[in-house]
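The values are calculated or read from the model by the stated rules, or taken from the named source; none is laboratory data. Computed from a prediction, not measured in an experiment: that's the story for all the values here. Note: ideal-geometry Cβ built from the backbone for every residue, glycine included; neighbour counts use all protein chains shown. Accessible surface is based on the protein model in full, side chains and every heavy atom, while ligands, DNA and RNA are left aside. Shrake-Rupley method; radii C 1.70, N 1.55, O 1.52, S 1.80 Å.
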There are 4 protein chains.
Amino acid sequence: MKNSAMVMQIQDPASQRLTWYKPPLTVLVIKKVSDASVLAPFVYLVDWLLQEKNMVVWVESAVLEDVQLNENVRFKAIRDKLVTFKDGRDDLTDRIDFIVCLGGDGTLLYASLLFQQSVPPVMAFHLGSLGFLTPFRFDNFEEQLTSVLEGHAALTLRSRLRCVMHRRSDRKHEAKTLEADLDGEARPAANSILVLNEVVIDRGPSPYLSNIDLFLDGKYITSVQGDGLIVSTPTGSTAYAAAAGASMIHPSVPAIMVTPICPHSLSFRPIVVPAGVELKISVSPESRNTSWVSFDGRNRQELFHGDSLRVTTSIYPVPCICAQDQISDWFASLADGLHWNVRKRQKCLDELSDLTASGSEDTLDEIENMKLYDV
Amino acid sequence: MKNSAMVMQIQDPASQRLTWYKPPLTVLVIKKVSDASVLAPFVYLVDWLLQEKNMVVWVESAVLEDVQLNENVRFKAIRDKLVTFKDGRDDLTDRIDFIVCLGGDGTLLYASLLFQQSVPPVMAFHLGSLGFLTPFRFDNFEEQLTSVLEGHAALTLRSRLRCVMHRRSDRKHEAKTLEADLDGEARPAANSILVLNEVVIDRGPSPYLSNIDLFLDGKYITSVQGDGLIVSTPTGSTAYAAAAGASMIHPSVPAIMVTPICPHSLSFRPIVVPAGVELKISVSPESRNTSWVSFDGRNRQELFHGDSLRVTTSIYPVPCICAQDQISDWFASLADGLHWNVRKRQKCLDELSDLTASGSEDTLDEIENMKLYDV
Amino acid sequence: MKNSAMVMQIQDPASQRLTWYKPPLTVLVIKKVSDASVLAPFVYLVDWLLQEKNMVVWVESAVLEDVQLNENVRFKAIRDKLVTFKDGRDDLTDRIDFIVCLGGDGTLLYASLLFQQSVPPVMAFHLGSLGFLTPFRFDNFEEQLTSVLEGHAALTLRSRLRCVMHRRSDRKHEAKTLEADLDGEARPAANSILVLNEVVIDRGPSPYLSNIDLFLDGKYITSVQGDGLIVSTPTGSTAYAAAAGASMIHPSVPAIMVTPICPHSLSFRPIVVPAGVELKISVSPESRNTSWVSFDGRNRQELFHGDSLRVTTSIYPVPCICAQDQISDWFASLADGLHWNVRKRQKCLDELSDLTASGSEDTLDEIENMKLYDV
Amino acid sequence: MKNSAMVMQIQDPASQRLTWYKPPLTVLVIKKVSDASVLAPFVYLVDWLLQEKNMVVWVESAVLEDVQLNENVRFKAIRDKLVTFKDGRDDLTDRIDFIVCLGGDGTLLYASLLFQQSVPPVMAFHLGSLGFLTPFRFDNFEEQLTSVLEGHAALTLRSRLRCVMHRRSDRKHEAKTLEADLDGEARPAANSILVLNEVVIDRGPSPYLSNIDLFLDGKYITSVQGDGLIVSTPTGSTAYAAAAGASMIHPSVPAIMVTPICPHSLSFRPIVVPAGVELKISVSPESRNTSWVSFDGRNRQELFHGDSLRVTTSIYPVPCICAQDQISDWFASLADGLHWNVRKRQKCLDELSDLTASGSEDTLDEIENMKLYDV
């Protein structure tokens, strides 16, 4: 009998596909706001979901207050059929089967924000140009939606990072917190947040460099001296981390990316660690100033001396429905969103060679071997 | 019942540990060659394995021919107890329980070369400075080896890439090859090779740029115009790929790294794709010249128009025994091998602030607000 | 007669040397503050300049108030011989022949701040480790200072950037300003500042990306979308610009470096333009938010829509005295301050080759040509 | 009297303009070869120069042999009026007043190759897309050429590097060489070559890393361990050096760029040194293998142990006529040739903000402050 560790299981990304265990009945529609061009498609879509698919359609309550939307005749006809919720007040857990996003990458970040535990499958349409997270074109939405609702779709499970802040001042209340935890292990910690792109630790408005200590699985790894540090998901590797110099990671790779922002050290390259590690970030004890933390560009807050931020991969990914498949969708978004390897053929060297080869065989040799002169 | 895809399994790297299903009896010792300083430790080690651990010790037959070694008295005493094999002639599959490497990263690449299918656990000692692949110090080798032989060790499974060359001219022989395959599915393909670091496709001695087409899972992705392309394992991300600008990936991340070498396009960043994809690389049809391929720096050969190289993750990793654990070993090798984020504290801004704050509170304010002059 | 443009004048950096047209009599000593370790060297130095060289020694008035310094017996003896000035109040123009800096790069930035027109030659000592701007060791300061005062020294003329803010609201006052200018062309503009390292335009505390327009010699060049933009001198290319990814430029090269900070575009490389151009920077008209500007890390202020910042190379460099010469000093500072190309020899490939070459000539060939196997 | 070094001369690039000291009479026309699309424009141009401008037109003798060209009726009519020369045999020095290039950057590299001392002003037309060195469009060539011949044009003086090989074996012949030099100081050295883009030192076909020593003004600076080293002009900073990671330098900056190719050291950034220094490059004494040198992609030759390559800025630049001006032409070529900072506006963060701000003022606050949950 041989050591079983010797053979690896390698998952084929093409094997991840959408499966409906029961037909989806409720759909949440998230639209981009403050953008008049999204209103007509939104009304079309909602109307179609109600009439053709007989689905229960949820929207954020604020949508019903939109002045421009309320002037739309077709919208008026369906307004009362919509179910609303108020963000930050109503719990959507287990009430939504399916999410449709309309407009831009921000709609997906918002969906991630709304569902801090399990997330229903998300189908995201772009209206103008392709986004990193919005692969579907809207023009033949009926056909594409029908196909997805019938279960014909590849899926990319986008991992998220679970971030928990530990405040130094919390320690005295530890006993109390433990007590509170007794009445239900399943209750989420009050100070955690899930991010789809990244958590950023930076120097904020301070003119001094950040001094941030990084720990992995409890061990001190290094200190970051510079503008800050980005801890991102593979999804986030094409966002702020790309601007800070990171390589781009396909969202299906189970990993966490750590990218310094303008590090003082020339050799501080970005690193990619396994999804299963726990990162701890804190202000270096000898640092003159504090740092600032933000989550997917939001909830900015100060990280004081003695505080720490712990980051792990959440077990709750965002299941994103692919327009084509995991690989094609990703490279399409790289080309469109980042102009990745868009280029023009280099002809310079070829031309020079052509030039000198113009005469005859021996001309070429002459040039290759000739002595060139200069005083 | 909810969609099971909504929850991810996240593997903790600390969970991978060495397990002996039966006590290891045979050990292969690989030593660095052409380096006299390795001879004494080698003799000590082999002697100890024979005498103290009663193991069967294998060495490459060429070792017995080493002139300097044969002058060593202690070696003469044990010479006849060694089992030898001839590289390229004798099959080691299933005959070795355990490998000990002595000397440098090259010894591990060589071990990988010897075992093109399942690889026994490898324990690698460095003699001078720490290598990327040789985490153990030799000074107290007895203690460390005993501990490992008792099964106390963390393990890093370093994935390898399986590279298969498809020659255009092979096509006419396809029928024949299929026939040959009939007498045994288990027989390895005659034209595949496993690499631990990377396969490199470059322009070789040609003065023209390479034009290489890259396909993933059968789909055309992009063309590389530049000096070439590196397809590497996470282990290889700290080797040539790092020199070409890649981020560094921990060896436990199931991924393949694709890094262009001096690409003509400024936006051609390295990318990281899931371990489960198949890459195909070929010379672009309109390319003026061919390319050259090498495997872990060896077996250099020309890639002609119409040929293709296929790369997938092998199911046979190299199981490397950790000196400490997966995380600590990796960061130690980054610091030592690449001076990763070795730096000096920046004091410039602080000092300026100190300077101007030297007098009194109002001096500071004056400077902050003062008008500065220049003609 | 041929076109005279056909031959270029190329300046040898070694030709720039210190020349005293008259013996230096007055010396300004700038010391690092809030650092007790600098006090003893400072007193030694000042005492020596007074006693041995009979120079008039200037210090900032705040220095006389330093509590620790006033406890120093030797300092008490010379305290009354020092000439003082108050930063921001007293004009030092034409009153100082020579500057000695003691402590760190910040002391030189401060010297640059004090002299917004012509700057006397600066000799800068580091106390701990070598700085980018402080090449001299203190231990044999008497010898080195004597040599410099005798005129034996190479000089690096570090160019500075003249930055002028044009506020949209200033336009209504233009007539008035012109009138004021009539009574003396030589009078410095009230809103200009010279920087030795860089001027930084960033998004400040805003969570949105900066949108900054860049003009050269009045022509629109590009827009920066990202964290910001650094306009630096060659001296500044080893400071913040290096952290943002710039190449390092020797301080004698007459150029201005433009480096984006975390640009959203992967192809936005840093650029180097001739010292003689004028840059204009303004907030893009369609930008949602404003930007913030800081000068050598100081004087942080908001750049509003309609405002513009104009940057040109000042005719007043900072003449820095070299410890050895322009070239040696610069590379010493790169190695020490940035660990530039500090590395460890790569032996991996060599070793592998050694390994396989261990047996005999034909062993090598066998491996080179052998078929490697994998299922 | 003050130290004159305190004020710098700063040259305005706009001040460099074309000046004809006598009207240009002879013109050399260089066309791209092996490209049929260039033939018609070439005949038009040459005919016009002969008929309308009464100039003496030179072409390379090989041009007259071109089969396709000789089938052109209009060409047959002017064929006998052309003056020809044979590259490598006939000396063009002082015989040409003006050069017109037609076709691609290679034509300019070829012009540089032909004139190893003083170069006449060059006007370069691109036929397809804009090149780095070919700013003029061909469609209204008559108008543009007339304007240039009348002296209305800005000029970019592109510096070149003078490269001299010193062979170890040459040393024994030193006495002889000195003697030979006596009969004429003005005679060019037999082993020098001028490059417009770059000289590259690389490992050639060797699988081992290059080990190259770099000296500046006779002082050892550093060793390069990697694929090689590029020493380039500012013109060359947008060619191979850009692919290797260099910042882009405007051709008017008097500087030499040194860029490592895939260096083993993470901290080995490209550097920019003053045009007046001398670089010496040699194979490191302990290096296992030799290196290879090529000049503007040509004349590839081996650099052996003990040999050295010396590089200085030549006093003979290539005077290139601008289509618009120095600044506009350069940025146009960056955008077109390298897609420099071609990008798409980032809307992600804005959208998220819009989304959450959709309801009312208090909705925004709620989200900013809300507790987010995760188990």
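The single condition from (1) within 11 Å of another protein chain (Cβ to nearest Cβ); (2) over 18 Å from A:Gln326 (Cβ atoms); (3) touching a Pro at 6+ places or on another chain (Cβ under 7 Å) that A:Phe115 fails is (3).
From the list C:Phe85, C:Phe98, C:Phe125, C:Phe138, the lone residue that is under 20 Å from C:Val43 (Cα atoms) and over 23 Å from the mean Cα position of the chain (by Cα) is C:Phe85. Residues that are within 19 Å of D:Gly245 (Cα to Cα) and assigned to a loop (DSSP other than H, G, I, E, B) within the stretch C:248-265 comprise C:His250, C:His264, C:Ser265, listed in sequence order. Within the stretch D:208-222, restricting attention to residues that are hydroxyl-bearing (Ser, Thr, Tyr) and facing chain C (nearest Cβ under 8 Å), the residue that is nearest to B:Ala243 (Cα to Cα) is D:Tyr208.
Yes/no matrix, rows are residues, columns are (1) within 22 Å of D:Asp105 (Cβ to Cβ); (2) among the hydrophobic types (A, V, I, L, M, F, W, C); (3) in contact with a helix residue (DSSP H, G or I) (Cβ under 8 Å, 6 or more places away or on another chain):
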| residue | (1), (2), (3) |
| --- | --- |
| D:Val29 | yes, yes, yes |
| D:Val33 | yes, yes, yes |
| D:Met55 | no, yes, yes |
| D:Lys86 | no, no, yes |
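Among the residues making up the stretch A:208-224, those that are closer than 25 Å to C:Arg298 by Cα and open to solvent by 10 Å² or more (accessible area, probe 1.4 Å) are A:Tyr208, A:Leu209, A:Asn211. Filtering the stretch A:55-78 to residues that are away from chain D (no Cβ under 14 Å) and not in a helix (DSSP H, G or I) leaves A:Met55, A:Val56, A:Val57, A:Trp58, A:Glu71, A:Asn72. For the stretch D:15-26, a residue qualifies if it is basic (Lys, Arg) and either at pLDDT below 90 or open to solvent by less than 50 Å² (accessible area, probe 1.4 Å) (or both), and exactly one does: D:Lys22. Each residue in the stretch A:27-38 was checked for being open to solvent by 20 Å² or more (accessible area, probe 1.4 Å) and either of a type in the set (Gly, Ala, Ser) or in a helix (DSSP H, G or I) (or both), and 3 of them qualify. Here D:Ser118 meets each of (1) among the polar types (S, T, N, Q); (2) within 20 Å of D:Tyr44 (Cα to Cα); (3) surrounded by fewer than 23 Cβ atoms within 10 Å (Cβ to Cβ) with one exception, condition (2). Contact map, the stretch C:88-100: residues that are within 11 Å of chain B (Cβ to nearest Cβ) and without any contact (Cβ under 8 Å) to a residue 60 or more places away in the chain paired with residues that are hydrophobic (A, V, I, L, M, F, W, C) and open to solvent by 10 Å² or more (accessible area, probe 1.4 Å), Cβ distance under 7 Å, separation 6+ or inter-chain. Pairs shown: C:Gly88/B:Met370.
Put simply, of D:Gly359, D:Gly337 the only residue that is within 7 Å of chain A (Cβ to nearest Cβ), at pLDDT below 50 and at negative phi is D:Gly359. Anything in the stretch C:79-97 that is in a loop (DSSP other than H, G, I, E, B), open to solvent by 60 Å² or more (accessible area, probe 1.4 Å) and under 30 Å from C:Ser147 (Cβ atoms)? List them, or say none. Scanning the stretch C:79-97 gives C:Asp94, C:Arg95. Any residue in the stretch B:32-40 that is free of Cβ contacts under 8 Å to residues at least 12 places away in the same chain and closer than 21 Å to B:Glu150 by Cα? No, every residue in the stretch B:32-40 fails to be free of Cβ contacts under 8 Å to residues at least 12 places away in the same chain and closer than 21 Å to B:Glu150 by Cα.
When the stretch D:120-161 is filtered for residues that are β-branched (Val, Ile, Thr), under 23 Å from C:Pro274 (Cα atoms) and within 14 Å of chain C (Cβ to nearest Cβ), the ones remaining, listed by number, are D:Val122, D:Thr156. With the structure loaded, tell me whether D:Gly245 is at positive phi and either open to solvent by 10 Å² or more (accessible area, probe 1.4 Å) or outside any loop (DSSP other than H, G, I, E, B) (or both) or whether it fails that test. Yes; evaluated as a whole, the condition is true for this residue.
Exactly one residue out of C:Asp47, C:Asp12 is surrounded by fewer than 17 Cβ atoms within 10 Å (Cβ to Cβ) and farther than 30 Å from D:Thr19 by Cβ: that is C:Asp47. Considered as a group, the residues in the stretch B:312-326 that are among the aliphatic types (A, V, I, L, M) and either closer than 18 Å to B:Phe125 by Cα or more than 13 Å from chain A (Cβ to nearest Cβ) (or both) include one that is nearest to the chain's Cα centre (by Cα), and that residue is B:Val318.
All of D:Gly276, D:Gly297 fail the test of being open to solvent by 10 Å² or more (accessible area, probe 1.4 Å), in contact with a Pro (Cβ under 8 Å, 6 or more places away or on another chain) and more than 7 Å from chain C (Cβ to nearest Cβ), apart from D:Gly297. In this structure, is C:Ser237 open to solvent by 10 Å² or more (accessible area, probe 1.4 Å) and within 9 Å of another protein chain (Cβ to nearest Cβ)? Against the criterion (open to solvent by 10 Å² or more (accessible area, probe 1.4 Å) and within 9 Å of another protein chain (Cβ to nearest Cβ)), C:Ser237 does not qualify. Being small (Gly, Ala, Ser) and surrounded by fewer than 18 Cβ atoms within 10 Å (Cβ to Cβ) is a property that A:Ala62 lacks.
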